[in-house]
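Here's the structure we're looking at; comments come further down.
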Amino acid sequence: MAEVSGLDEAAAEKRLDGPSSESMPPGTSISRVKLLDTMVDTFLEKLVAAGSYQRFADCYKHFHQLQPEMTQRIHDKFVTQLQASIREEISEIKEEGNLETVLNSLDRIVEDGKDHKGPAWRPSGTPEKDLCSVLAPYFLQQRDTLLRHVQRQEAKNQALAEAVLAGRRQVEVLQRQVQGQQQAWQALHRERQELAAVLTEPE
């Protein structure tokens, strides 16, 4: 068991050192997402090596002497659950922080920076100028975005106002039609009353 533990520790130390320069061509770089995964794997290997079965058995000597197979199963289950729990926590952290997208974006920024031949930005020594040079494009972009939103909203408001006016005109037309029908009905009613009065007059 001690030999196996020693091999695990040696393998973990080798992985911690990262890929050798011989296996990677010059000028290539590892993505930060893969580097993070490698760090997690290396950490877990180190953790498992630190909590080897031999050390676990040394902590519970009497139980190990009585139940060596049970001790082995307990250790294996403990290591498996510990690794699964740590990987689950790391996955939640990556999802909550959107780490893969952020790290990939950082990789792209670094790669784009390699192709940039001009001089890099340097502070001028005047905080006001530096702040304006950084914030002015952002605020101008926000202003343009707000103007577009305002124009779209004004167009919607104009369309709604026209729809309301059209609705009012339709209501007025309907009201006139109703009034005309009422007047026609009242005239017909008066004619009927006059006709009934004439018919009921004694001869």
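The values are calculated or read from the model by the stated rules, or taken from the named source; none is laboratory data. What you are looking at is a predicted structure, and each value in this text was computed from that prediction instead of being measured. Glycine also receives a Cβ, built like all others from the backbone with ideal geometry; neighbour counts cover every protein chain displayed. For the accessible areas, the whole protein counts, side chains as well, though only heavy atoms, and no ligand, DNA or RNA atoms are used. Shrake-Rupley method; radii C 1.70, N 1.55, O 1.52, S 1.80 Å.
Key figures
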| quantity | calculated |
| --- | --- |
| Every residue from segment 1-59 that is at pLDDT 85 or above and either among the aliphatic types (A, V, I, L, M) or touching a strand residue (DSSP E or B) at 6+ places or on another chain (Cβ under 8 Å) (or both) | V33, L35, L36, M39, V40, L44, L47, V48, A49, A50, A57 |
| Any hit, segment 143-160, residues being surrounded by fewer than 10 Cβ atoms within 10 Å (Cβ to Cβ) and out of contact with any strand residue (DSSP E or B) (no Cβ under 9 Å at 6 or more places or on another chain) | no |
| Checking L199 against (1) exposed (fewer than 10 other Cβ atoms within 10 Å of the Cβ); (2) of a type in the set (A, V, I, L, M, F, W, C); (3) under 30 Å from the mean Cα position of the chain (by Cα), the condition it does not meet | (3) |
| Scope segment 118-142; condition open to solvent by less than 70 Å² (accessible area, probe 1.4 Å), more than 33 Å from the chain's Cα centre (by Cα) and modelled with pLDDT under 80; matching residues | G118 |
| Qualifying positions in segment 64-108 - within 30 Å of L35 (Cβ to Cβ) and of a type in the set (A, V, I, L, M, F, W, C) | F78, V79, L82, A84, I86, I90, I93, L99, V102, L103, L106 |
| Residue tally, condition outside any helix (DSSP H, G or I) and either under 29 Å from the mean Cα position of the chain (by Cα) or of a type in the set (S, T, Y) (or both), over segment 70-117 | 2 |
| Residues (among the hydrophobic types (A, V, I, L, M, F, W, C) and crowded, with 17+ Cβ neighbours inside 10 Å) located in segment 41-63 | L44, V48, A49, F56, A57 |
| Hey, S124 in a loop (DSSP other than H, G, I, E, B) and more than 23 Å from S29 (Cα to Cα) or not | yes |
| Options E96, E111; residue that is of a type outside the set (S, T, N, Q) and at pLDDT 85 or above | E96 |
